[in-house]
Amino acid sequence: MTAYLLRRVPSAVAVLFGASVLIFLLLRAVPGDPASTLAGPDATPESIAAIRHQLGLDRSVPAQYLSWLHGLLTGDLGRSYIIGGQIGDLIARGLTNTLVLAGSSLLLAVAVSLAVSVSAVLWEWRWLNAIVAAANTVAVAVPAFVTGVLLVLFFAIAVPILPAGGIPPDGFAAHPDITVQYLLLPSVCLALPVSAALTRFLTEALRTELGKPYVLTARSLGISHREIVTRGALRNALPTMLTVLGIQSGSLLGGAVLVEATFAWPGIGQLIEQGINRRDYPVVQALLLFSVAVFVAIQLTTDIVHAYLDPRIRIGGTA
Amino acid sequence: MSSTPGAPIGRRSFLRNTGIAAFAILGTGALAACTSAVNQQRGGGDNAAPVRGGTLKYGVLLDLVPANILTNTGTTPYVVGLVFESLVRYPHDKLEPQPLLAEKWTLAPDGTSITLELREDVKFHSGRAFTSKDVEFSLRTYADAKWSAQLKSTATAITGFDTTDPHKIVLTFAHPLANIFDLLDTVPILDRESIDQLGTGEKLVGTGPFRFVQRIPNSQIIFERNPHYWVPERPYLDRVELTVIPDNQAQLNALKSGQLHYADGITYRDVENLGKTDGFRTFPFEGAELQVYVGVNVQDPALSDVRLRQAIAYAIDRERIVSEVFRGAGYAVNVPWPKGSPAFDAARNSRYARDVNKAKQLLAQLPKPPKIPLTYSSTVSTYEASAQIVQANLAEVGIEVELVPTDNATFIRQLIGAQFPGLWLTDHSWAQFVPSTLTVSAYPFNARKNASRYESPAYVAAADGAWKLKQGTGSEATQAYQALSDQLLEGLFLIEIGVRFPQGAQTKKLHGFNWTKRRESVLTEAFLA
């Protein structure tokens with residue numbers, strides 16, 4: 001296993017190193033730079049030069065790269081040029097907000113899909129199925145920014161019972177009742193398409209389970225339909241639903257970027273958008289490298305677990 | 001009741017179960033809502049008499065860029081207006097300086113120096129007393145190129161600082177400065193002890209009515225009342241919270257739902273509708289006008305012929321842009337000066353009134369121009385709408401234009417680098433001040449080096465002539481501004497479209513909101529009731 005690790009870790013490090021070079025060069029190839037963004041439209045070339053010097057952008061590209069790399073290796077992500085503040089703090093705060101939003105949406109999506117799928121299978125009424133199917137289609141088809149605006153118009157303006165956006169002013173933990181209210185609208189908006197996909201999948205999986213011989217046996221033994229669905233079919237359908245849930249979680253994070261804008265939710269999506277728009281090199285560099293590092297870590301962990309389970313892989317044979 | 005497998009459940013039973021479930025959900029919601037977030041935001045009733053206390057919730061489109069604190073861009077004006085103060089302040093409608101941190105002043109008869117007598121009862125938020133040394137430090141910092149302050153050229157022309165008396169300062173100039181009061185109205189008095197933390201946004205120490213408390217980047221900036229403010233019993237408000245809401249629609253929703261008292265980023269159309277809605281007030285920022293214009297790269301082979309630039313100026317339907325894009329919140333101009341400026345001249349403003357025939361006649365004298373690119377920043381929706389109208393106007397007279405939407409960072413880089421291939425469309429400011437400020441401070445107008453690559457000794461002479469006057473107003477100044485306007489109309493390197501007013505929208509609970517000519521928020525007299 002140690003030999004396998006020694007083989008795999010250097011390639012992961014090489015990928016990270018390659019990514020860092022690419023990210024660094026790619027950002028500098030994009031037109032526009034932080035100095036002119038900071039200087040503003042009335043600036044003179046003299047001001048630009050002074051700002052470039054202050055930010056260290058007048059040094060050679062390799063020198064700037066080495067300085068960034070040194071910071072990364074010593075755990076110092078540096079300070080944002082334009083947004084201001086330590087990059088580590090910016091990322092931590094943005095990531096927390098996004099994860100809270102995505103997490104609550106995921107919970108909501110799972111709860112709704114479980115309730116709707118089980119209801120649809122428990123009570124096999126045509127009209128109920130038609131409503132569920134129609135609601136699912138609408139939830140998948142209508143984009144999050146439209147749902148978001150509609151939810152806000154209804155629940156924050158026409159019937160003002162929930163905040164139109166933003167995060168709880170005193171933090172998530174201070175007043176849970178306030179936090180729930182701030183989370184409701186963006187979470188519903190983000191959860192709708194995910195819950196629709198999960199509902200469709202789970203309903204079909206439950207129906208497939210209900211056609212299996214063990215269900216027929218259970219019925220002949222006089223076990224109630226409700227018990228068959230909730231204790232037997234659901235338990236068997238859940239593992240496959242988890243796979244779909246994994247895929248949907250990815251799209252949930254992607255969708256969060258749009259929902260963050262509609263609900264003024266200062267998450268990682270807003271941070272990336274600001275960083276790119278203003279050419280805040282250190283922030284975008286750190287965020288991109290962080291994304292690559294997450295992928296590399298997941299890949300490496302998967303490989304290690306796979307190798308642990310299958311000796312042929314760690315000794316270099318064919319799996 | 002137990003159900004048999006496959007047996008349908010009764011409709012009544014289903015409805016009962018559904019009812020219980022719905023009741024449970026609503027009950028949980030009601031329990032969760034034991035303190036309503038909406039009620040928490042809305043507060044009490046309405047009353048117009050000044051009231052002490054309360055937190056003003058203020059929505060801004062952009063986050064503060066700490067390094068830009070001395071430029072008047074983005075959210076900077078709101079923060080500067082709360083925390084900092086200048087030496088004098090112009091009223092909205094005139095260029096007559098009023099006392100602020102300077103109580104009195106005497107301008108030397110030859111215009112090459114000014115003596116300012118400072119207030120003695122002013123302290124920084126740190127508790128340190130404000131003195132003439134702070135004025136010198138602030139003016140020198142403002143002149144430093146790294147802060148990219150717009151009136152840097154005027155600040156650089158101050159050559160001497162006599163700070164012998166802590167409550168009096170004598171400034172000596174390299175030459176008379178007609179716009180010296182523009183500078184004194186603009187430069188915020190900075191604290192030299194915390195200047196390094198100012199650029200990073202960690203500390204903002206001034207003498208203003210509100211003290212900086214905390215900044216959460218991308219999210220919120222919080223201020224609290226300065227209890228030692230030199231104006232007795234002011235400010236009324238205990239706290240101001242600036243919340244970053246980077247979407248126009250989200251900001252409108254937040255205002256309508258009572259989450260904000262004031263919003264800075266609502267579109268012109270929404271402001272128009274909001275003005276007709278009960279419970280809200282909208283207003284134009286009088287005295288803090290912006291101007292939308294079409295810039296021209298005069299070194300472009302086709303555009304180097306002034307007749308083509310004149311044809312463009314005649315073709316543009318300015319009234320349509322003002323009424324459709326800015327919903328009437330402005331007026332058409334040919335020269336940059338707004339109505340309150342000493343340089344405003346109705347006759348000169350009609351020089352290029354829309355005349356399609358004249359445009360066609362001018363074009364008939366020229367070879368057919370190639371397709372001209374028109375660059376604009378795609379970040380602001382009004383630029384796109386204005387550019388589309390300009391494109392349609394020019395097509396009508398036979399000039400083909402290709403619209404080039406560009407992201408803001410690239411746009412600014414092209415503007416500063418004078419890299420636009422043909423035309424561009426954007427806003428400029430500073431025309432509401434002493435007119436010479438525009439031509440020595442705003443880069444697109446700079447007589448010596450500008451984004452249009454326009455060079456003219458006559459324009460340089462006119463700009464310098466207006467700048468080096470002893471006073472910014474009066475008959476001599478008016479003559480100088482007329483000469484400057486004529487140079488702008490003849491050179492036509494920037495084709496003005498119209499003056500537009502930035503719009504504010506607020507709930508009627510907010511009273512006493514005010515602003516400076518740079519749109520800085522002045523909340524000294526503001527209260528919530």
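The values are calculated or read from the model by the stated rules, or taken from the named source; none is laboratory data. Everything numeric here is computed off the predicted structure, so don't read it as measured data. Every residue, glycine as well, gets a Cβ built from its backbone with ideal geometry; the counts of neighbours run over all protein chains shown. Accessible surface areas use protein heavy atoms only, side chains included; no ligands, DNA or RNA. Shrake-Rupley method; radii C 1.70, N 1.55, O 1.52, S 1.80 Å.
Once the Cβ-Cβ distance between residue A:312 and residue A:290 is put in as r, and R0 is 56 Å, what FRET efficiency do you end up with, to the nearest 0.05?
With R0 = 56 Å, the Cβ-Cβ based efficiency is 0.95.
By accessible area of protein heavy atoms, probe 1.4 Å, what ranking do B:187, A:15, B:460 get, highest first?
The most accessible residue leads, giving A:15, B:460, B:187.
Of the peptides B:403-409, B:263-269, the ranking by mean beta-carbon count within 10 Å, highest at the top, reads B:263-269, B:403-409. Relative to the longest principal axis of the Cα atoms of chain A, helix A:2-29 runs at roughly 60 degrees. Accessible surface of residue B:120, taken over heavy atoms with a 1.4 Å probe and every protein chain present, rounds to 140 Å².
Rolling a 1.4 angstrom probe over the stretch B:338-454 with all protein chains present gives an accessible area of which 50% lies on carbon and sulfur atoms. If R0 is 45 Å, the Cβ-Cβ spacing of residue A:99 and residue A:6 corresponds to a FRET efficiency of close to 0.85. The Cα atoms of the protein assembly as shown define a convex hull whose projected area, averaged across directions, is 44.3 nm². With Cα atoms as the point set, the stretch B:142-199 shows a radius of gyration and Dmax of 12.4, 35 Å. Net length available on complete extension from residue B:381 to residue B:200 is 62.1 nm, with 0.36 nm assigned per residue and the Cα-Cα distance removed.
Here the stretch B:385-517 is described by how far its Cα atoms reach on the three principal axes: 53, 45, 30 Å, from widest to narrowest.
Membrane-span-like helices of chain B, defined as complete DSSP H segments with a Cα extent of 30 Å or more along the helix axis and a mean Kyte hydropathy of at least -1.0, are identified as B:11-32. Dimensions of chain A along the principal axes, based on C-alpha atoms and rounded to the nearest Å, stand at 85, 65, 35, largest first. Solvent-accessible surface (1.4 Å probe) assigned to residue A:58 amounts to roughly 90 Å². For the pair A and B, the buried accessible area comes to roughly 5100 Å² in total, with a 1.4 Å probe and the value rounded to the nearest 100.
Computed over Cα pairs, the Kirkwood radius of the stretch B:352-405 leads via Stokes-Einstein (0.692 mPa s, 37 °C) to a diffusion coefficient of 272 µm² per second. If both residues of a DSSP beta bridge must be in chain B, then about 75% of such bridges are antiparallel. Principal-axis analysis of the Cα atoms of chain A puts helix A:45-55 at an angle of about 70° to the longest axis.
Report, in debye and to the nearest 20, how large the dipole of chain B comes out about its Cα centre when Lys and Arg carry +1 and Asp and Glu carry -1 on their Cβ.
1340
Grab the beta carbon distance between residue B:172 and residue B:302, set R0 = 45 Å, and tell me the FRET efficiency rounded to 0.05.
With a Förster radius of 45 Å, E is 0.40.
Across peptide A:78-85, the mean count of Cβ atoms from other chains lying within 10 Å of each residue's own Cβ comes to 6. Distance from the C-alpha centroid of the stretch B:492-523 to that of the stretch B:206-220: 21 Å, rounded to the whole angstrom. With respect to the cross-link table entries B:57/B:168; B:123/B:256; B:123/B:517, which display a Cα-Cα separation exceeding 27 Å? Correct reply: B:57/B:168; B:123/B:256. Given C-alpha coordinates of the stretch A:10-137, what is the ratio Rg to Rh with the Kirkwood estimate of Rh? My calculation of the ratio gives 1.27. Take the Kirkwood radius over Cα pairs of chain B, plug it into Stokes-Einstein at 20 °C and 1.002 mPa s, and you get 84 µm²/s for translational diffusion. Computed about the Cα centre, the dipole magnitude for the stretch A:113-265 is approximately 640 debye when only Lys and Arg (+1) and Asp and Glu (-1) carry charge, each at its Cβ. Based on protein heavy atoms only, the protein assembly as shown ends up with 42 Å² per residue of surface accessible to a 1.4 Å probe.
With the simple spin-label model, which puts each label point 7 Å out from Cα in the Cβ direction, the residue A:297 to residue B:283 separation comes to 5.2 nm. Here is how the number arises for chain B: DSSP H runs of 4 or more residues each give -39500 (n - 2.57), the sum is divided by the residue count, and the result at 222 nm is -9000 deg cm²/dmol. Here the label points at residue B:395 and residue A:220, each 7 Å from Cα along the C-beta direction, are separated by 7.6 nm in the simple model. Peptides B:325-338, B:161-174, B:426-439 ranked from most to least packed, by the mean per-residue count of other Cβ atoms within 10 Å: B:426-439, B:325-338, B:161-174. Shielding value for B:141-152 is 5, the average number of Cβ atoms from other chains within 10 Å of each residue's Cβ. Quick check: Cα centre of the stretch B:221-253 to Cα centre of the stretch B:279-320, how many Å? Between the Cα centre of the stretch B:221-253 and that of the stretch B:279-320, the gap is 35 Å. For a straight C-alpha distance cut-off of 16 angstrom, the aspartates and glutamates reachable from residue B:470 (same-chain residues fewer than eight places away being disregarded) are B:96, B:110, B:182.
Ranked highest first by average number of other Cβ atoms within 10 Å, how do A:17-25, B:200-208, B:415-423, A:1-9 line up?
Top to bottom by mean Cβ count within 10 Å: B:200-208, B:415-423, A:17-25, A:1-9.
With a bin width of 10 angstrom, please list the P(r) values of the stretch B:230-378 as percents of all Cα-Cα pairs, from the 0 bin to the one holding the largest distance. Result, from short to long distances: 9, 26, 27, 21, 12, 5, 1 percent. Over every Cα atom in the stretch A:188-319, the radius of gyration and the widest Cα-Cα span, Dmax, amount to 22.1, 69 Å. Mean per-residue shielding of peptide A:253-261 is 1, counting Cβ atoms of other chains within 10 Å of each Cβ. Between the stretch A:186-234 and the stretch A:1-66, the alpha-carbon centres lie 51 Å apart.
Assuming a ≥ b ≥ c are the square roots of the Cα gyration tensor eigenvalues, decide whether the stretch B:187-303 counts as rounded (a/c under 1.5), prolate (otherwise, with a/b larger than b/c) or oblate. It is oblate, given that a/c is not under 1.5 and a/b is not larger than b/c. Taking every C-alpha pair closer than 8 Å and separated by at least 6 residues, the mean separation divided by the residue count of chain B gives a relative contact order of 21 percent.
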